[in-house]
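The values are calculated or read from the model by the stated rules, or taken from the named source; none is laboratory data. All figures in this text were calculated on a predicted structure; none of them were measured in a lab. Backbone-built Cβ (ideal geometry, glycine too); neighbour counts: all protein chains shown. Only protein heavy atoms, including side chains, enter the accessible area calculation; ligands, DNA and RNA are left aside. Shrake-Rupley method; radii C 1.70, N 1.55, O 1.52, S 1.80 Å.
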Amino acid sequence: KLAFTFGGIGALIIAAIPASILAITAGGLILLFSSFLAVQTARVRFVFDETSFELKTVERRSREILVESGENVIVGGANRWAYDTFVEWKFIPTQFPILVYFKETQTSEKLGNKDSLSFDDRGGTQGHFFPAICNTKQLEEQFEIRGCAKLSKDNTAGK
């Protein structure tokens with residue numbers, strides 16, 4: 001849904017604005033981003049098991065087998081987080097999610113709080129953002145079933 005929306009916006013910019021380098025460039029970049037989201041939607045899966053939320057990828061040949069996604073490119077380590085380490089999560093924006101945000105304490109423990117630039121002012125937490133390339137209703141349902149703390153409307157975390 002997200003890739004389709006951005007693709008439509010890109011095509012609309014190119015079609016609606018009189019031919020100019022700016023319109024073609026802006027529309028083309030949005031279409032390129034839309035293509036990236038479409039590829040990621042086909043490739044990435046968000047998996048919930050008994051204890052953790054994990055990012056996996058679809059094995060190229062089988063299209064059915066899920067494999068480890070590799071190390072987190074930003075902070076290192078596996079893309080796997082225990083539910084009880086979630087401090088907060090939310091969709092941005094809430095009505096039509098484009099980004100999913102969550103904050104956890106597990107990465108902080110793994111790094112031994114060494115990377116002060118990665119952690120917020122509360123200390124010992126790590127925030128993560130990813131494009132909403134999945135069914136966000138199912139994602140929300142699973143976060144709630146698993147007891148992951150959610151950022152409330154008054155900007156305080158709670159269950």
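Overview of results
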| item | result |
| --- | --- |
| Residue 110 vs. criteria part of a helix (DSSP H, G or I), at pLDDT below 80 and open to solvent by 20 Å² or more (accessible area, probe 1.4 Å) | yes |
| Residue check for residue 129: at pLDDT 80 or above, under 20 Å from residue 145 (Cα atoms) and assigned to a strand (DSSP E or B) | no |
| Complete set of residues in the range 73-95 that are assigned to a loop (DSSP other than H, G, I, E, B), under 19 Å from residue 41 (Cα atoms) and in contact (Cβ under 8 Å) with a residue 12 or more places away in the chain | 79 |
| Selected residue (only one of 64, 50, 54 is in contact with a strand residue (DSSP E or B) (Cβ under 8 Å, 6 or more places away or on another chain), under 27 Å from residue 80 (Cβ atoms) and part of a loop (DSSP other than H, G, I, E, B)) | 64 |
| Any hit, the range 28-47, residues being in a helix (DSSP H, G or I), open to solvent by less than 40 Å² (accessible area, probe 1.4 Å), out of contact with any Gly (no Cβ under 9 Å at 6 or more places or on another chain) and hydrophobic (A, V, I, L, M, F, W, C) | no |
